[in-house]
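Asks: Structure in structure tokens, see below.
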Amino acid sequence: MLIGIYHLGYFAKRVDFNLLFPVFFGLFICLLLFKFLFKEFSWTWIFIGGIVLRLSLLMAIPFWSEDYVRFLWDGELVRMGFNPYLDLPTHFLQTLGDAQNPYLANLLDLMNSPNYFSVYPPLNQGIFYLAALSADRNPWQGIIVLRILIVLSEIGVFFLLKKLFQAFFIPSNRLIFYWLNPLVILELTGNLHFEGFVLLSLLLAVYLLWQSRLASAGFFWGIAVGIKLLPLMLVPAFLAFAKTRKSNGFWIASFVAILISFAWLLIGDSWVNFLQSLKLYQGKFEFNASIYYLLREVGFWIKGYNTIATLSKILSGITLISILYFSWKRRSESILELVDLWVLIYLIYLVLQPVVHPWYIIPAFGLSLMTTGRTFLVWTFAAILSYQAYGNSNFEESAVLLILEYGLLSTVIFSDYFLRKRNSILQL
């Protein structure tokens, strides 16, 4: 596994799908073999093994995503005393002048979003600032700092999951599915995505709910919203859960956390520009979608053009209605039932989205290990098929691989939600 992770992190670019996929496939097979063949093992060595796999990527420049460039850009602007929500990167550099900051000029050349305002919430900007402060205008150093912070969050996830598994009598060996999962390692530590911080905050909320520390639970759920916005869709689940619905402390603490997290957006036009970028990402881009692609073909047949602007609004409405319906129908009476509902909400959201990058599924995958579902575990394998699109200049996705990915996923969804009896006692 170490050889495979090292190879993918340092040598296999995302355009080399024919080389990338077999290695990833082999890593996933190793994960399954390790989980099912070894009945006795030392958790100390499992933990060390996962750390070694992650730290093997410490010096790697992310090959599969350029998002880290925007992280370093935003962090450098904050370090310089500028607001990353008030200027487009291209406009900012024209105003500042290339000669005054060759570091930013280099980042601009590498950036995949120079004509968009930053879409990353203020809490993320704080992390980017720490990286910029330590990097001293050296991108490689900035990458290492971001990677170390992500590995620290992953360590937190490991121990929280282990603690929660013990608290709810869940077989601890399920933690192997997360800790040695190649998608988790490569997308978080390797490609520097922050979904691990979201998962850490949500797990802290679950742990504190279990301890009946409702105000603290609400605060960390608010922090999760402040990192990635998406956990805001869990509001109906909390309203349907008696323990949180009746707790003033929970709602006050969560409101305070969200207010603190987004206060920076109240400066100038920051809020307007931030929402503008969110709207563009929601209504313009398409990648690795499922139901959306089917409806888009219907739109082409009826209208003769891409109806993404209309479809994205319709699907957002369906997502909201579905979340409200299932939160009401499956009113949670226990914490495990609440987590199971969270996983379902994430699933509804992701299957209706026009853009589903592989790292989007990681928070739901981590939570799903506390349920009987296998959907997100399977998706951590199937999602790698989406990287095929980068192998051609037009980023054209393969219909065959999309059908394979979502056909496999549909089969497991059917098994999880229609065939198997749902309960909080894990069988896997």
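The values are calculated or read from the model by the stated rules, or taken from the named source; none is laboratory data. The shown structure was predicted, so the numbers you read here are calculated from the model rather than taken from an experiment. Ideal geometry is used to build each Cβ from the backbone, glycine not excepted, and the neighbour counts take in all protein chains shown.
Asks: In contact (Cβ under 8 Å) with a residue 60 or more places away in the chain and more than 23 Å from ILE345 (Cβ to Cβ), is that true of LEU234?
Replies: The answer is no for LEU234.
Asks: Give the range 359-374 a look and list any residue that's more than 22 Å from LEU232 (Cβ to Cβ) and either of a type in the set (D, E, K, R) or in a helix (DSSP H, G or I) (or both), or say none.
Replies: ARG374 - this is the single residue of the range 359-374 that is more than 22 Å from LEU232 (Cβ to Cβ) and either of a type in the set (D, E, K, R) or in a helix (DSSP H, G or I) (or both).
Asks: Restricting to the range 151-195, what's the tally of residues that are assigned to a loop (DSSP other than H, G, I, E, B) and either touching a strand residue (DSSP E or B) at 6+ places or on another chain (Cβ under 8 Å) or farther than 16 Å from VAL52 by Cα (or both)?
Replies: First, the residues of the range 151-195 that are assigned to a loop (DSSP other than H, G, I, E, B): 168-171, 180-181, 191-194.
Checking which are either touching a strand residue (DSSP E or B) at 6+ places or on another chain (Cβ under 8 Å) or farther than 16 Å from VAL52 by Cα (or both) leaves us with 168-171, 191-194.
Residues flagged as assigned to a loop (DSSP other than H, G, I, E, B) and either touching a strand residue (DSSP E or B) at 6+ places or on another chain (Cβ under 8 Å) or farther than 16 Å from VAL52 by Cα (or both) within the range 151-195 amount to 8.
Asks: Among the candidates ILE345, ILE335, single out the residue that is over 24 Å from SER410 (Cβ atoms), surrounded by 15 or more Cβ atoms within 10 Å (Cβ to Cβ) and β-branched (Val, Ile, Thr).
Replies: Going through ILE345, ILE335 in turn, the sole match is ILE335.
Asks: For LEU37, are the conditions met, namely being under 28 Å from LEU161 (Cα atoms) and either surrounded by fewer than 14 Cβ atoms within 10 Å (Cβ to Cβ) or not assigned by TED's automatic domain parsing to the domain that holds PRO171 (or both)?
Replies: In short, yes.
Asks: Also, quick follow-up: Can you pull out the residues in the range 240-271 that are closer than 26 Å to ASN83 by Cβ, small (Gly, Ala, Ser) and touching a residue at least 60 places away in the same chain (Cβ under 8 Å)?
Replies: SER261, ALA263, GLY268, SER270
Asks: Here's another thing I want to ask about it. So PHE241 fits all but one of (1) in contact with a Phe, Trp or Tyr (Cβ under 9 Å, 6 or more places away or on another chain); (2) farther than 23 Å from PHE274 by Cα; (3) buried (at least 21 other Cβ atoms within 10 Å of the Cβ); what number is the exception?
Replies: PHE241 satisfies all of (1) in contact with a Phe, Trp or Tyr (Cβ under 9 Å, 6 or more places away or on another chain); (2) farther than 23 Å from PHE274 by Cα; (3) buried (at least 21 other Cβ atoms within 10 Å of the Cβ) except (1).
Asks: Moving on to the next point. If we scan the range 104-124, do we find a residue that is touching a residue at least 40 places away in the same chain (Cβ under 8 Å), more than 20 Å from the chain's Cα centre (by Cα) and part of a helix (DSSP H, G or I)?
Replies: The answer is yes, given that some residue of the range 104-124 is touching a residue at least 40 places away in the same chain (Cβ under 8 Å), more than 20 Å from the chain's Cα centre (by Cα) and part of a helix (DSSP H, G or I).
Asks: PHE38: hydrophobic (A, V, I, L, M, F, W, C), within 30 Å of GLN276 (Cα to Cα) and modelled with pLDDT under 95, yes or no?
Replies: No; evaluated as a whole, the condition is false for this residue.
Asks: Of the residues that sit in the range 60-103 and are outside any loop (DSSP other than H, G, I, E, B) and free of Cβ contacts under 8 Å to residues at least 12 places away in the same chain, which one is surrounded by the most Cβ atoms within 10 Å (Cβ to Cβ)? Steps first, answer last, please.
Replies: Kept after step one, since they are outside any loop (DSSP other than H, G, I, E, B), are these residues of the range 60-103: 67-79, 89-96, 98-100, 102-103.
Imposing the further condition that a residue be free of Cβ contacts under 8 Å to residues at least 12 places away in the same chain reduces the set to 91, 94-96, 98-100, 102.
Values: HIS91: 12, GLN94: 11, THR95: 9, LEU96: 16, ASP98: 12, ALA99: 7, GLN100: 10, PRO102: 10.
Applying the filter and picking the extreme gives LEU96.
Asks: Follow-up. Please go through the range 277-300 and pick out each residue that is surrounded by 13 or more Cβ atoms within 10 Å (Cβ to Cβ), part of a helix (DSSP H, G or I) and modelled with pLDDT of 90 or more.
Replies: ILE291, TYR292, TYR293, LEU295, ARG296
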